[in-house]
Amino acid sequence: MKRLLLLPVCLVVLAVTVKAQVDDPPPPPPPPPPPKVVLTKFVPPAKELKEFYKRNPDVASLYWKSEDDIVVVLKDKKQFVYNMQNKQEKDAFEEKYGQVVLIAPPSPPSPPPPPPKKVS
């Protein structure tokens, strides 16, 4: 009698074990969409630039090369780079072109941190 009960129990345990090994785990959820990056071009204040160009008619354009460096392009295509952190260069710029109230463009936002790794 014990052998008759043992055989079906063993078959059921074997079937469950085999079935558990054959089933694939569910696929992981899709990754979240990447964050949207909004790029904006720095546009200096128009009023200050108009006044600067009015005071300096020989200047074709004025732009920031970096947070510290300002570039002056003359109409004859000559370029002059002034480091506004250097006292001598800043004084030379202000003596030649007058004072500029422009602010350097803000640095780009830092990328988002990577998602935390799941330890399994």
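Quick notes on this structure:
- Qualifying position, being within 30 Å of PRO116 (Cβ to Cβ), at pLDDT below 85 and more than 27 Å from the chain's Cα centre (by Cα), among PRO25, PRO8: PRO25
- Residues of the stretch 51-75 that turn out to be under 33 Å from the mean Cα position of the chain (by Cα) and of a type in the set (D, E, K, R), as a count: 4
- Annotation note: Cβ proximity below 7 Å between a residue of the stretch 104-120 that is closer than 30 Å to TYR63 by Cα and a residue that is at pLDDT 80 or above and part of a loop (DSSP other than H, G, I, E, B) (sequence gap 6+ or interchain) occurs for PRO112/PRO35.
- Residue check, GLN79 at pLDDT 90 or above, exposed (fewer than 10 other Cβ atoms within 10 Å of the Cβ) and not β-branched (Val, Ile, Thr): no
- Considered as a group, the residues in the stretch 39-52 that are at pLDDT below 75 and either exposed (fewer than 10 other Cβ atoms within 10 Å of the Cβ) or hydrophobic (A, V, I, L, M, F, W, C) (or both) include one that is farthest from PRO108 (Cα to Cα), and that residue is LYS47.
The values are calculated or read from the model by the stated rules, or taken from the named source; none is laboratory data. As the structure is a computational prediction, the values presented were derived from the model and not from experiment. We place every Cβ from the backbone using ideal geometry, glycine too, and count neighbours over all the protein chains shown.
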